[in-house]
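J.: This is the structure I have questions about; it appears just below.
Please treat every number below as a calculation from the coordinates, not as lab data. It should be emphasised that the depicted structure is a prediction, and the values quoted were computed from it without experimental measurement. No Cβ is skipped: glycine too gets one built from the backbone with ideal geometry, and neighbour counts run over all protein chains shown.
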Amino acid sequence: MTLEIAELGNPILSQHAAKVRVFAGAELAATTQQMMLMMTELNGVGIAAPQLSISQQIVIIASRPNQRYPDAPLMEPLVMVNPEILDQSSETKKGWEGCLSVPGIRGYVARSIGVEVGYMDIEGHSHQLVLDEFPARIFLHEYDHLIGLTFLDRVDSTADLASEKELAARLA
Ligand SMILES: [Zn+2]
């Protein structure tokens, strides 16, 4: 089985993903393993199941420091099943985002600087977590994939879009 990233225009990216109903099984383990492999291989800081054409409510977030977010915390990849936003700060901050499903394009997106999240682990245990700054941004970006949105739906205007090449030149 060759895994491919679903890219912009693929209808699966505009669908609402289905809730996971069966926990602690081989299928969920296999799906999250595939997501982890793909995220690592493509050097991403997060991934959502619909990006692998699996329309289920599963995301992985894996913050680490990078050129755009040098102060980002280094975290072990966190698998979140059926995640929910319990609360989010009204205060937002704009930051550049990229997406494995939107190759070559970056967007300057306003996101809440803090978010309280509920989710299940792959065993079906529920958890709550508060995320701030870059991890909050990653989560909100990945969560959007579960409700059929990409960062392109979140920019205030097309003036907040740039190619990777142009952005690299601008930030250099
Ligand atoms: Zn994305």
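J.: Could you work out the percent of alpha carbon pairs in region 1-99 separated by over 22 Å, rounded to a whole number?
T.: On the way: 1757 of 4851 pairs.
Here the long-distance tail beyond 22 Å is 36 percent of all Cα pairs in region 1-99.
J.: Go through 157-166, 38-47 and give me the packing order, highest mean Cβ count within 10 Å leading.
T.: Details: 157-166: 12.0, 38-47: 18.0.
My ranking of the peptides, most packed first, is 38-47, 157-166.
J.: Okay, moving on. Helix 26-41 against the longest principal axis of the chain: what's the angle in degrees, Cα atoms only, rounded to the nearest 10?
T.: Once rounded, the angle reads 20 degrees.
J.: Calculate for the chain the 222 nm mean residue ellipticity that helices alone would give, adding -39,500 (n - 2.57) per DSSP H run of length 4 or more and normalising by residue count, nearest 500 deg cm²/dmol.
T.: Numbers: 3 runs with 38 residues, N = 172.
Rounded to the nearest 500, it is -7000 deg cm²/dmol.
J.: Further question on the same structure: Calculate how steeply helix 133-146 sits against the longest principal axis of the alpha-carbon atoms of the chain, using the helix alpha-carbon long axis, and give the answer as 0 to 90 degrees to the nearest 10.
T.: With rounding to tens, the tilt is 60 degrees.
J.: Could I ask something else about it? Mind giving me the FRET efficiency for ALA24 and GLU91? R0 is 41 Å, r the Cβ-Cβ distance, nearest 0.05 is fine. Please list the in-between numbers first.
T.: Numbers: r = 38 Å, r/R0 = 0.92.
The formula returns an efficiency of 0.60 here.
J.: A further question follows. Using only Cα atoms, what Kirkwood radius does region 55-172 have, in angstroms? Provide the component values of the computation, followed by the final result.
T.: Values: mean 1/r = 0.0670 Å⁻¹.
Taking the inverse mean of 1/r over all distinct Cα pairs, region 55-172 comes out at 14.9 Å.
J.: On to the next question. Please give the FRET efficiency for THR40 paired with GLN67, using the beta carbon to beta carbon distance and R0 = 25 Å, rounded to the nearest 0.05. If you can, show how the numbers build up before the last one.
T.: Values: r = 18 Å, r/R0 = 0.73.
About 0.85, to the nearest 0.05.
J.: May I ask you to evaluate 6.51 cos²θ - 1.76 cosθ + 1.60, the Karplus curve with θ = phi - 60°, for each residue of region 43-59 and list the ³J(HN,Hα) values in order in whole Hz, giving x for glycine and proline?
T.: Once rounded to whole Hz, the list reads 6, x, 9, x, 7, 10, 3, x, 5, 9, 6, 10, 7, 10, 7, 9, 10.
J.: Another one. Nearest-5 percent of antiparallel DSSP beta bridges in the chain? Display every interim value, and only then the final one.
T.: Details: 29 of 30 bridges.
Percent antiparallel among DSSP bridges in the chain is about 95.
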